[in-house]
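See structure below.
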Amino acid sequence: MLKRGEEMQRDLWTSLLLVWITCVPYSSMAPLNNQSQSLQTASAMIPRNRPSEGQRILSRAKRGWVWNQMFVLEEFSGPDPILVGRLHTDLDVGTKNIKYVLAGEGAGTIFAISERTGDIHAMKRLDREEKAEYTLTAQVIDRDTNQPLEPPSEFIIKVQDINDNPPQFIEGPYKGSVPEMSQVGTSVTRVTATDADDPVYGNSARLVYSILEGQPYFSIDQTTAIIRVALAGMDREMREEYLVVIQAKDMGGHMGGLSGTTTVTVTLTDINDNPPKFSKGSYEFTIAEDLGIGEPGGRVKANDRDIGENAKSTYSIIGGDERDVFEIVTDAQTQEGILRLKKPLDFESKKSYNLTVVATNIRADSITGGPYMDQATVKIIVEDADEPPVFTKFTYLFDVHENAAINTVIGAVAARDQDAPHSQVRYFIDRHTDLERQFNINVDDGKITLAKPLDRETDMWHNITVTATEVRNHSQISRAIVAIKVLDINDNAPEFATEYEAFLCENGKPGQVIQTISAVDKDNPSQGHTFHYRLEMLNNPNFTIKNNLDNSISVLAKHDSFRRQKQETYLLPIIVTDNGEPPMSSTNTLTIRVCGCSRDGIVQSCNVEAFVLPIGLSMGALIAILACVILLLVIVVLFVTLRRHKNEPLIIKDDEDVRENIIRYDDEGGGEEDTEAFDIATLQNPDGISGYLPRKDIKPDLQFMPRQGQHSGPNGVDVDEFINVRLHEADNDPTAPPYDSIQIYGYEGRGSIAGSLSSLETASSDSDQNYDYLREWGPRFRRLGELYSVGESDKET
């Protein structure tokens, strides 16, 4: 029924709007009658009286339209097209054949015009939210000629709004928060709805807000849509979240308006309005007395109904001396209070403790005024534990003289078992601290005795560790440091501070200071050192000593007749004695060398041989000169040897047989059967060699691929070219024999007019052959020709 009533009401409004649209154009034409009459008159005068050409240029054509601004109702859905309005011109007097033409936005598709009457109809259903107005152009033309009778004129058709869009919450659903316990009127959040209808025309876009769900906790302002707290004392711990339904209605909230809804989730944020609370009023813990420092002995916890930072608490101990023994810290993860030891517990001295622990919120809240706190009682019972013995001191200090006898008692340590049974204690020395086993200890009474002799000059302090162990429980061990100081006695004789070597000038004067001598003593007397010096020979004819009164002496010469030729070195024994009890002394010898000095007393030479050297040259300078002379002689000898070796001919004597100078061996051969060093068949048979023949009398350091032999062609090759190639290979081969050894050539030229160069292959003797042609072969064979050339005297021989 309600829906049907709304449809009837909508049809009624539509009918009224149609009547208004139809009547308004005609009623609004009354003010324009005068103008229309003038336009009609002007247009009627145009065809009757044609002006001249100049008058036609100056005249202004006026449009003869008669209409008002047109409106069309959106969302009209009748069976017939809706009449928007009617166009009329003063040219339309009923007798003239005219035609109305419409152009522009939607012309022909959305809007249509009657060609004869000028009525404009809307052909489609319009939506103002899609397009609010249309701009069109109307023109009157002659129906017969299709020529325009008047210029085109522009007009607007506006789509009139109806309430066809409900309000919408574009940003919904919403979320808001407000602190718990907030006062009434505290703002939570704001919502916003939009309406697509025309906000200017009517009340279609006028919105009013209201709450459908969420009362009595919250309220909303009808105009601004601000949601506020409506109920005081809302507690987050009771209820944390609220769902509020908001409605926005157009038409100012009147009947027939459209509405839209959204939801707002309101969360109460936490404030510190709850104190921490211990789960129990008292706690009891049992802690062993051997619990380590800083170790946890128990945990307590105070719960807080708040969350986050408001639920965090800190723990403390109040009152009493227990704060010196215990401390409590907060576990950041579990929010528990951890009891820890600050000092060791002793069951024998105190068996229990009573503590008051307080839990306090860290964060204070401005609304409630906090912070809040709670307290609880903690009782700690100390449990007896088997503890190691306790020394009377942490560190013991003893002293002993370095000449103390073996088994001398140096001191005693003492430890006691603090537990109730009072077990007996045994004592030991930690041998890691007494590697040389210098001391012993009595296991029963803790007396420390000397096991080996002491020497203060070697070790002045001995630090050892003594352990005490219970007899009934060897695992209970305690330790103490024992420092033993070795006291000094006068057991070391004084001696020279260093190895002195004195020099005495021959030209020195009597009484000159030769050397200043001081002594050292390894002992360390409390009153300091005092040394006494004397010569072993009381009436020494050459030297004497003088006390410098600072534990040092000066050695003086008695005369000036010291000569190196007479005596080069003097040995002067000096006795040094300390002031200890008993006094200790030693004899030290000072070596004095007689040297030659300059006039200024600068030592130049202390050797006897240097006395015969020229004056003005030192021994070092003479040695340098001698070395240069020897080096120069060596260079000259080497140079002459190399030049002689380079100029030495291959064969010195012409009368010697060439074959006897081919090669020399340093070892004795094996006769005719020794063919390892040299294969003579190579020269006899040139074709028998196949390339590389290694030497068998030496072993080369580097191994190279053998050279490929050059075989002669059928017509032979030039011997000169062959030898040049082999010479180049030999010069660049590091494995080749030295230059004074024979080079074996596997080819001596085939087809040469000279024939074979080897004398081993020919049947004739040297005397029957003439080798003068070798000189004509060039400088390379000149030496070979000289070797084979013989004189008349040689032939006769």
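The values are calculated or read from the model by the stated rules, or taken from the named source; none is laboratory data. Bear in mind that the values here come from a model prediction, so they are computed numbers and not experimental data. Methodologically, a virtual Cβ is constructed for each residue, glycine included, from the backbone with ideal geometry; neighbour enumeration extends over all protein chains shown. Surface accessibility is based on the protein's heavy atoms, side chains included, excluding ligands, DNA and RNA. Shrake-Rupley method; radii C 1.70, N 1.55, O 1.52, S 1.80 Å.
Before moving on, here are some points about what is shown:
- Residues that are assigned to a strand (DSSP E or B) and either open to solvent by 40 Å² or more (accessible area, probe 1.4 Å) or not assigned by the TED database to the domain that holds N540 (or both) within region 589-603 comprise T589, T591, R593, V603, listed in sequence order.
- A502 being touching a Pro at 6+ places or on another chain (Cβ under 7 Å), part of a strand (DSSP E or B) and either open to solvent by less than 40 Å² (accessible area, probe 1.4 Å) or among the charged types (D, E, K, R) (or both): no
- Verdict on T458 being part of a loop (DSSP other than H, G, I, E, B), at pLDDT below 90 and of a type in the set (S, T, Y): yes
- Some residue of region 109-125 being at pLDDT below 75, surrounded by fewer than 10 Cβ atoms within 10 Å (Cβ to Cβ) and not small (G, A, S): no
- No other residue among E457, E536 is in the same structural domain as I410 (by the TED database), farther than 25 Å from K393 by Cβ and open to solvent by 20 Å² or more (accessible area, probe 1.4 Å) apart from E457.
- Region 204-262, subset among the charged types (D, E, K, R) and surrounded by 16 or more Cβ atoms within 10 Å (Cβ to Cβ), residue nearest to P179 (Cα to Cα): R236
- Within region 539-559, restricting attention to residues that are in a strand (DSSP E or B) and under 20 Å from G580 (Cα atoms), the residue that is most open to solvent (accessible area, probe 1.4 Å) is N547.
- Tallying residues that are over 24 Å from K522 (Cα atoms) and in a loop (DSSP other than H, G, I, E, B) within region 415-450 yields 20.
- Subset of region 364-379 (residues that are open to solvent by less than 30 Å² (accessible area, probe 1.4 Å), of a type outside the set (D, E) and modelled with pLDDT under 90): G370
- Those residues of region 310-334 which are open to solvent by 60 Å² or more (accessible area, probe 1.4 Å) and in contact with an Asp or Glu (Cβ under 9 Å, 6 or more places away or on another chain), in sequence order: K312
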